[in-house]
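Here's the structure we're looking at; comments come further down.
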Amino acid sequence: MSKSPFVALSLAILVASAAAAAPQAQPVQPAPQPALARVVILATGGTIAGVQPKEGQAGYKSGSVSVESLVAAAPGLEKLAAIKGEQIASIGSQDMNDFVWIKLARRASELLASPDVDGIVVTHGTDTLEETAYFLNLVLKSDKPVVLVGSMRPSTELSAEGPSNLYNAMSVAADPAARGRGVLVVANDTLHAARALQKTHTTSVQTMISVNRGPVAEVLKGTKTVWFLPPAATAPKGTFSIAGLDAMPRVDIVYGHENSDGVQVRAAMAAGAKGIVLAGVGDGNATKETIDALTEAAKAGVVVVRATRVGSGIVRRNIEVNDDKLGFVAALELNPQKARVLLRLALTKTKDVTEIQRIFEEN
């Protein structure tokens, strides 16, 4: 039996209404990609920017490669961060000096204060990298990541590790988990706190070691950083201000050895040293003649800090040497070169040895 025109029309209306009421399939939208972190590279030179005179030759000239060339040699950096680069200096880090330190710290402070910057990478030679990193840790007040990086092989050498180190440093500087950890150093897939690490080998790529506390993380070619430790409650430090600072007080390091006679101490005093760091034998000790000379220096108003030439360990107060009686400061975990950095900055605030000992305990 055929349907009436009215029934057919009613069925058509019902079908059309149901189709209109049914949810329409929407095109799948791709998930929004997070914005890239904005990272500035501040280049100072060093082996990472070094060039050999001839292919295969052991020697090289530091600081010969521009920051743009360093970026170009590490493919994939543009996927980690939006990058800008600035050349602060082009020197080997054996020639690092107060002028470059203060220039670097001021520029880093300006960038870190900008809402358009999320982190900083500093390229640097390895010879004094630990000193620069510790200096920056003491004067920068931002919790944004600041990562220093260098290399043991120049850019033109076979298996140069600079591009890999730079890639790892960029991945850390762009990582929000790196915030609030103080100044960090990337070397050979390992991440170190500025206070803890030291250079331990003349030529090996595994030269940077945090001898007392160990590294803070492992970082490998842009993969997720594996953090071993939570952010320290005291980091970042930013204990000292560089506002209006053009130079720092002279502090010399005196090296302890067999038969030392105090001549180094008196030479430092004659040169105008405001502080002297003893790189002592064992637990920060020295010959009687040297200790006597240091006692004379302390009585004359020169601040004396006892550290050790030994590669690891802690120089505590009043062990072997009576610091209370002689008016000395114990360096604790800091090696001689880092004790010198901290003492120079401390002397911009005070000459009181009790206060300086407190500064060493807290920084």
Yes/no for Ala330 being buried (at least 23 other Cβ atoms within 10 Å of the Cβ), modelled with pLDDT of 95 or more and not basic (Lys, Arg):
no
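Looking only at the stretch 242-250, decide whether some residue is at pLDDT below 95, assigned to a loop (DSSP other than H, G, I, E, B) and not aliphatic (A, V, I, L, M).
So far as the stretch 242-250 goes, yes, one or more of its residues are at pLDDT below 95, assigned to a loop (DSSP other than H, G, I, E, B) and not aliphatic (A, V, I, L, M).
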Report, by residue number, each residue of the stretch 238-277 that is closer than 21 Å to Asp323 by Cβ and of a type in the set (Val, Ile, Thr).
Val251, Ile253, Val254, Val265, Ile276, Val277
Show me the helices (runs of 4 or more DSSP H) entirely contained within the stretch 251-361 in which 1 or more residues are in contact (Cβ under 8 Å) with a residue 40 or more places away in the chain and under 27 Å from Ser241 (Cα atoms).
288-299, 336-346
Read through the list (1) at pLDDT 95 or above; (2) in a loop (DSSP other than H, G, I, E, B); (3) more than 22 Å from Pro336 (Cα to Cα), then give the number of the only condition that Thr202 fails.
(3)
Given the conditions (1) in a loop (DSSP other than H, G, I, E, B); (2) at pLDDT 90 or above, report the number of the one that Val39 does not fulfil.
(1)
Could you grab me the full set of residues in the stretch 302-317 that are surrounded by fewer than 15 Cβ atoms within 10 Å (Cβ to Cβ) and polar (S, T, N, Q)?
Ser312
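One line per residue, one yes/no per condition, for (1) of a type in the set (A, V, I, L, M); (2) at pLDDT below 95; (3) outside the structural domain of Ala187 (by TED's automatic domain parsing):
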residue: Lys54; (1), (2), (3): no, yes, no
residue: Glu68; (1), (2), (3): no, yes, no
residue: Pro75; (1), (2), (3): no, yes, no
residue: Ala89; (1), (2), (3): yes, no, no
residue: Ala105; (1), (2), (3): yes, no, no
residue: Glu110; (1), (2), (3): no, no, no
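Sort out which residues of the stretch 151-170 are without any contact (Cβ under 8 Å) to a residue 60 or more places away in the chain and buried (at least 24 other Cβ atoms within 10 Å of the Cβ), and write them in order of number.
Residues satisfying the conditions are Asn168, Ala169.
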Look at Gly125 and say whether it is crowded, with 22+ Cβ neighbours inside 10 Å and under 15 Å from the mean Cα position of the chain (by Cα).
yes
Test for Ser93: is it of a type in the set (Ser, Thr, Tyr) and surrounded by 18 or more Cβ atoms within 10 Å (Cβ to Cβ)
yes
If you go through the stretch 268-296, how many residues are under 13 Å from His257 (Cα atoms) and either touching a Leu at 6+ places or on another chain (Cβ under 8 Å) or among the hydrophobic types (A, V, I, L, M, F, W, C) (or both)?
7
Residue selected from the stretch 266-300 under the condition among the β-branched types (Val, Ile, Thr) and closer than 22 Å to Leu345 by Cβ, by the criterion farthest from the chain's Cα centre (by Cα)
Ile276
Residue selected from the stretch 244-296 under the condition closer than 21 Å to Asn97 by Cα and β-branched (Val, Ile, Thr), by the criterion surrounded by the fewest Cβ atoms within 10 Å (Cβ to Cβ)
Ile253
Any chance you could count how many residues in the stretch 182-218 are closer than 26 Å to Val315 by Cβ, among the small types (Gly, Ala, Ser), surrounded by fewer than 19 Cβ atoms within 10 Å (Cβ to Cβ) and in contact (Cβ under 8 Å) with a residue 40 or more places away in the chain?
0
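The values are calculated or read from the model by the stated rules, or taken from the named source; none is laboratory data. For clarity, every value in this text was computed on a predicted model and none was experimentally measured. Methodologically, a virtual Cβ is constructed for each residue, glycine included, from the backbone with ideal geometry; neighbour enumeration extends over all protein chains shown.
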